[in-house]
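One structure below.
The values are calculated or read from the model by the stated rules, or taken from the named source; none is laboratory data. From a predicted model like this one, the values you see are computed outputs, not experimental measurements. Cβ coordinates were reconstructed from backbone atoms using ideal geometry, including for glycine residues, and neighbour counts include every protein chain displayed. Accessible surface is based on the protein model in full, side chains and every heavy atom, while ligands, DNA and RNA are left aside. Shrake-Rupley method; radii C 1.70, N 1.55, O 1.52, S 1.80 Å.
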Amino acid sequence: MPAFKKEFKCSNFGLSYHCVGDFYRPQCIPQIALLVIRVIIALYTTASMLADMVDFFETKSNGGRWFVFFTSWNYLTCVFYFILVTIGTISYYSKKRQGCDPDVPMSSMNPNQYASTTDMLESGSPDLSTESEEHLGNRLSCYEKIIWLFFNISIAVCTLVVASYWIVLFDGSQDLDFFNIDRHGIILAMVLIDFSLHRIPYRVLHFVYPMIFFILYFIFHVIYSFASEDVIYSPINWQDNPTKAGILFLVIIVLSGVFHFVFYWIDYGKKLLGEKCCQTNTMA
């Protein structure tokens with residue numbers, strides 16, 4: 001597949017993209033519907049995370065320990081992503097309502113090229129050709145790049161966190177209260193709902209970002225464990241069995257890349273399906 005081979009260009013390690021609107025436009029649903037869904041998700045996840053923190057600080061003698069769990073790192077990442085992308089979607093929708101077209105800046109291309117590019121964007125085409133992308137260059141601000149970075153981390157990491165908890169860590173003795181279920185289930189549902197609706201580009205080589213995120217936590221985990229002699233997760237005990245702990249972390253880091261690759265193909269199929277649905281709706 002030519003498109004798949006082009007994914008392995010070194011430039012795709014970066015965060016350059018030709019269309020700002022793909023971060024805020026939906027597939028085959030009204031723009032206002034995506035905006036409302038993102039507002040609800042952002043409000044819910046923010047309120048739930050803050051409530052979880054308050055509950056932890058009130059019921060635990062060492063409330064600051066909330067921040068040492070990887071589940072908390074994952075939740076913070078997801079919440080930051082939802083807040084940033086929701087604010088961006090509101091701004092994008094407001095500009096469209098005012099008659100502006102923030103998708104592709106007109107200043108850098110002639111009017112005929114601008115019109116044809118805008119037509120492709122509005123028709124539901126999942127991506128422009130690689131040649132068009134290279135010609136248009138990067139149109140993303142630092143804001144969209146941060147959104148893209150948090151998205152790349154959240155989708156693979158959240159899936160791996162939830163899967164690891166139920167398969168490895170959960171032994172039936174934990175209390176399945178609301179916050180436990182929310183941290184290890186509902187948050188993933190929110191991420192997948194957003195993922196199924198938006199058009200944010202997915203790059204194979206962006207697997208490095210969730211891997212780096214896990215490596216950063218790995219470094220923190222080692223330092224914290226030896227400094228405090230606190231065992232955060234019983235299967236990962238650096239004092240008693242450092243070899244097992246290192247192997248588990250290595251497996252998790254590799255799996256983060258595997259999950260990212262799996263979601264690339266899910267995203268590819270999602271966009272193909274979305275393109276066909278949009279064409280069907282247009283013909284109808």
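Points worth noting:
- In the context of the full set of protein chains, residues of segment 164-284 present 53 Å² of accessible surface per residue (probe radius 1.4 Å, heavy atoms only).
- Gain on full stretching of the segment that runs from F8 to L192 - 0.36 nm per residue minus C-alpha separation: 63.7 nm
- Rolling a 1.4 Å probe over the protein heavy atoms of segment 150-275, with every protein chain left in place, gives an accessible area that is 74 percent carbon and sulfur.
- Ranked from largest to smallest solvent-accessible area, with a 1.4 Å probe on the protein heavy atoms, K60, K145 come out as K60, K145.
- Measuring between alpha carbons in the structure, the pairs from K9/K244; K9/K271; K9/K96 lying more than 26 angstrom apart are K9/K244; K9/K96.
- Each peptide in 146-155, 18-27, 253-262 gets a packing score, the mean of other Cβ atoms within 10 Å over its residues, and the list from highest to lowest is 146-155, 18-27, 253-262.
- F226/I247 FRET efficiency (R0 25 Å; Cβ-Cβ; nearest 0.05): 0.90
- Around the amide H of Y17, modelled in the peptide plane, lie the amide H atoms of R139, L140, all under 5 Å away and 5 or more residues distant in sequence or on another chain.
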